[in-house]
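A.B. asks: The following block contains the structure, expressed as structure tokens.
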Amino acid sequence: MKMFIGQIEWKDGYKLVVGNYYFKVFDSNGNEIYYENSNNRWYKQEYDSNGNVIYYEDSNKYWIKQEYDSNGNEIYYESSKGKIIDNRPKPTKEMTVQEICDELGYNVKVVK
């Protein structure tokens with residue numbers, strides 16, 4: 001049996017590449033979004049608008065999630081092994097001492 005080896009491009013820019021023992025799928029930006037080989041090993045990836053991998057998953061049930069800031073710096077990482085690194089900016093709110101106490105349910109006594 002003869003097997004197709006080569007590539008197919010769709011009108012929307014997606015591309016399928018077939019090799020001897022594998023195939024790959026690329027999105028319209030040229031990012032590899034899926035790979036599978038003849039040993040049933042596979043992985044898939046998702047990208048943000050800047051081309052950074054934001055999700056990866058493979059046939060071994062391993063996955064990672066990532067987020068990046070506008071400068072391309074990784075600000076969040078989480079994996080299926082339980083590792084989490086969260087450097088996302090935390091929201092800040094300016095409050096008076098009275099407002100903080102009100103929010104926490106404390107009475108304020110001014111000490112001089």
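A.B. asks: Within the set LYS11/LYS81; LYS11/LYS44; LYS44/LYS93; LYS24/LYS83, which residue pairs have Cα atoms separated by over 32 Å?
C.D. replies: Details: LYS11/LYS81 39 Å; LYS11/LYS44 22 Å; LYS44/LYS93 39 Å; LYS24/LYS83 29 Å.
From the list (LYS11/LYS81; LYS11/LYS44; LYS44/LYS93; LYS24/LYS83), the Cα-Cα distance tops 32 Å for LYS11/LYS81; LYS44/LYS93.
A.B. asks: Each residue of the stretch 95-102 in order: what ³J(HN,Hα) in whole Hz does its phi give by Karplus 6.51 cos²θ - 1.76 cosθ + 1.60, θ = phi - 60°, with x for Gly and Pro?
C.D. replies: These are the phi-based 3J(HN,Hα) values: 9, 7, 4, 4, 5, 5, 5, 4 Hz.
A.B. asks: To the nearest 20 debye, what charge dipole does the chain have about its Cα centre, counting +1 at the Cβ of each Lys and Arg and -1 at the Cβ of each Asp and Glu? Walk me through the intermediate numbers first.
C.D. replies: Working: 15 positive and 18 negative charges, 77 e Å.
It comes to approximately 360 debye.
A.B. asks: Okay, next question. If each DSSP helix of 4+ residues adds -39,500 (n - 2.57) and the sum is divided by the residues in the chain, what number results at 222 nm, nearest 500 deg cm²/dmol?
C.D. replies: Value at 222 nm, helices only, nearest 500: -2000 deg cm²/dmol.
A.B. asks: Which FRET efficiency value, to the nearest 0.05, is calculated for MET95 and SER28 with the Förster distance at 41 angstrom and r the Cβ-Cβ distance?
C.D. replies: According to the calculation, E is roughly 0.30.
A.B. asks: May I ask which residue of ASN31, ASN50, VAL110 lies farthest towards the positive end of the charge dipole of the chain, with charges of +1 (Lys, Arg) and -1 (Asp, Glu) on Cβ and the Cα centre as origin?
C.D. replies: Positive-most Cα among the choices belongs to ASN31.
A.B. asks: With unit charges on the beta carbon (Lys/Arg positive, Asp/Glu negative), name the residue among VAL17, ASN40, ASN73 whose Cα is farthest towards the positive pole of the charge dipole of the chain.
C.D. replies: In the chain, that residue is ASN40.
A.B. asks: Please give the FRET efficiency for LYS44 paired with SER80, using the beta carbon to beta carbon distance and R0 = 22 Å, rounded to the nearest 0.05. Intermediate values should be presented prior to the final figure.
C.D. replies: Details: r = 14 Å, r/R0 = 0.63.
It comes to 0.95.
A.B. asks: Can I ask one more? For TYR34, what residues show an amide H to amide H distance below 5 Å, using hydrogens built from the backbone and excluding near sequence neighbours?
C.D. replies: Amide H to amide H, under 5 Å and 5 or more residues apart or across chains, TYR34 pairs with VAL25, GLN45.
A.B. asks: Could you run the Karplus curve 6.51 cos²θ - 1.76 cosθ + 1.60 with θ = phi - 60° over the stretch 29-35 and give me ³J(HN,Hα) per residue in whole Hz, x for Gly and Pro?
C.D. replies: Residue by residue, the stretch 29-35 yields 9, x, 7, 6, 10, 7, 9 Hz.
A.B. asks: Also: Consider the candidate values [x] 2, 9, 13, 13, 12, 10, 9, 7, 5, 4, 4, 3, 3, 2, 1, 1, 0, 0, 0; [y] 2, 9, 14, 14, 12, 11, 11, 10, 7, 5, 3, 1, 0; [z] 2, 11, 20, 24, 20, 12, 8, 3, 0; state which one is P(r) over Cα pairs in 5 Å bins from 0, in percent computed from the structure displayed.
C.D. replies: [x]
A.B. asks: Go through the stretch 63-70 residue by residue and turn each phi into a ³J(HN,Hα) via Karplus (6.51, -1.76, 1.60, θ = phi - 60°); whole Hz please, and just put x for glycine and proline.
C.D. replies: 9, 9, 10, 9, 10, 10, 7, 5
Bear in mind that the values in this text are calculations on the coordinates, not laboratory data. What you are looking at is a predicted structure, and each value in this text was computed from that prediction instead of being measured. Cβ: placed from backbone, ideal geometry, glycine included. Neighbour counts: every protein chain shown.
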